[in-house]
Amino acid sequence: MAESNQLRRVLVVYTGGTFGMLKNEKGVLVPQKNIEKVIRKLPQLHDNEYWNQHLANSDLKEYLAIPDGKDTELKILYKIHEYDELKDSSDFTIEDWLKMVRDIKRYYHDYDGFVVLHGTDTTAYGASALSFMLEVLGKTVVLTGAQVPIFQPRSDGNNNFLCAVLIAATQYIPEVTVFFGSQLFRGCRVKKVSNIKIYGFESPNYPPLLEAKTTLEIDPKMLLHTRGTVPDICRIHDELSAKVYLLKVVPTITPEMIRAVFNGMEGVVLETYGNGNIPIKRKEIYREIERAVKNNVLVVNVTQCINGTVLGKAIYETGLLLLECGVIPAFDMTPEAAWAKLSYVLTKTELSYAEKIELMKTNIRGELHNPAHSTK
């Protein structure tokens, strides 16, 4: 067996999702238990000969081993931590992401990196939520999954999984990321753009951190933190507000709809047209938003456009009203990141209302570019 300083250990948290699904008696896909048994039979993902020779009769017998390749001379072992209740990620709630964050904290010092097998439907929400809740992180966390289950011959899950484990074990990227297709994205920048293509995710306003070519190498300039600038600790904020909603502006929106959505909410992400515009000739719509802001509801203005930004200075008259009444510009955040950040900021009880507004406009995890005071 390789010397201990040549070993890297990765914890794989299996939460459910398409990656490990099979059809049930009704002909629909549902998550399957005991995914480790399947992975152990896949030579691309498990070196069974090495396991028999070096791990089977050792304290490491619960680990699986990545086959040797040209990506690294290190021996990479990984353990699968399978949740008792596996879910389609469409069923995920805040409690599921809190569980993942707490598990990363719990096992932080036992592993060199972490992979979360996560259903694709809410990966953008989950990756963003984890990004904010993991306040200090000195190791690599990679979310991944599949468009086609690994039980099927054309599954994309094998390569996604392999690359995610390799990256978590060998690359110093102390933040939450998403690997899918052939690219590694910043977790709070990612968006699901297709449910049929293998390349199902993009990072609309920020380039990928890494592209898997014949090698797996990252440009250090892409990182939020370079080696040595972040302590090797894990500090979490394991709370998110459940009183946050995302409301899309459409031509048929009414004051009653706005009032119903804002009722009881602490924060609302408003998906507006273009550069952050709403219909200004319908004053009753504006007045409902204004009323909510006056009642200390944090309202964030994010563009409906996949690529784009809502700046702190209006370009059109139709966006000026929102700025004037105190709606917070989201800059180039995705709606998913804006939702997650708002859910996080609202639970910062030590902050005043004004400080929460300022934090929403500040880049803290690489989630936005604010020309006024962005840190990166």
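Values for this structure:
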| quantity | calculated |
| --- | --- |
| Share antiparallel - DSSP beta bridges, the chain, percent rounded to 5 | 35 percent |
| ARG287 paired with ASN5, simple spin-label distance in nm, labels 7 Å along Cα-to-beta-carbon | 7.3 nm |
| Whole-angstrom Cα spans of the chain along principal axes, big to small | 74, 53, 36 |
| Normalised per residue, the volume of the convex hull around the Cα set of segment 106-178 (Å³) | 87 Å³ |
| Where a label projected 7 Å from the Cα of VAL136 along Cα→Cβ would reach, residues of segment 231-250 with amide N under 18 Å | 231-239 |
| Value in Å of the Kirkwood radius, where segment 266-306 supplies the Cα pairs that are averaged | 10.8 Å |
| Radius, Kirkwood style, for segment 127-243 when every pair of distinct Cα atoms is counted (Å) | 14.9 Å |
| Accessible area (Å², per residue) of segment 178-244, counting only protein heavy atoms and a probe of 1.4 Å | 53 Å² |
| Solvent-accessible area per residue for segment 1-130 (1.4 angstrom probe, square angstrom) | 50 Å² |
| Mean residue ellipticity (222 nm) of the chain, computed from DSSP H runs ≥ 4 via -39,500 (n - 2.57), nearest 500 | -7000 deg cm²/dmol |
| Debye intensity ratio I(q)/I(0), log10, segment 248-376, q values 0.15, 0.22, 0.23 Å⁻¹ (C-alpha model) | -0.64, -1.43, -1.56 |
| Length-normalised contact order for segment 211-305 - Cα pairs under 8 Å, 6+ apart - percent | 27 percent |
| Where only C-alpha atoms are counted, convex hull volume of segment 23-114 per residue in Å³ | 152 Å³ |
| For segment 337-376, fraction of C-alpha pairs farther apart than 13 Å, in % | 50 percent |
| Theoretical gain in end-to-end length, ASN24 to ASN158 [0.36 nm per residue, Cα-Cα removed] | 46.1 nm |
| Of all accessible heavy-atom area on the chain, the percent that carbon and sulfur account for (1.4 Å) | 49 percent |
| The chain: most fluctuating residue of TYR107, TYR14, TYR273 per GNM, C-alpha cutoff 10 Å | TYR107 |
| Rounded to whole Å, sorted largest first: equivalent-ellipsoid semi-axes of segment 189-316, Cα gyration tensor | 36, 20, 15 |
| Chain lengthening between LYS197 and ASN263 when straightened (0.36 nm per residue, less Cα-Cα) | 19.9 nm |
| Length-normalised contact order of the chain in % [C-alpha pairs under 8 Å, at least 6 apart] | 14 percent |
| Heavy atoms of GLU62 accessible to a 1.4 Å probe, total area in Å² rounded to 10 | 110 Å² |
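The values are calculated or read from the model by the stated rules, or taken from the named source; none is laboratory data. Values in this document were obtained by computation on a predicted structure and should not be read as measured data. Cβ: placed from backbone, ideal geometry, glycine included. Neighbour counts: every protein chain shown. SASA here: full protein model, heavy atoms, side chains in, ligands and nucleic acids out. Shrake-Rupley method; radii C 1.70, N 1.55, O 1.52, S 1.80 Å.
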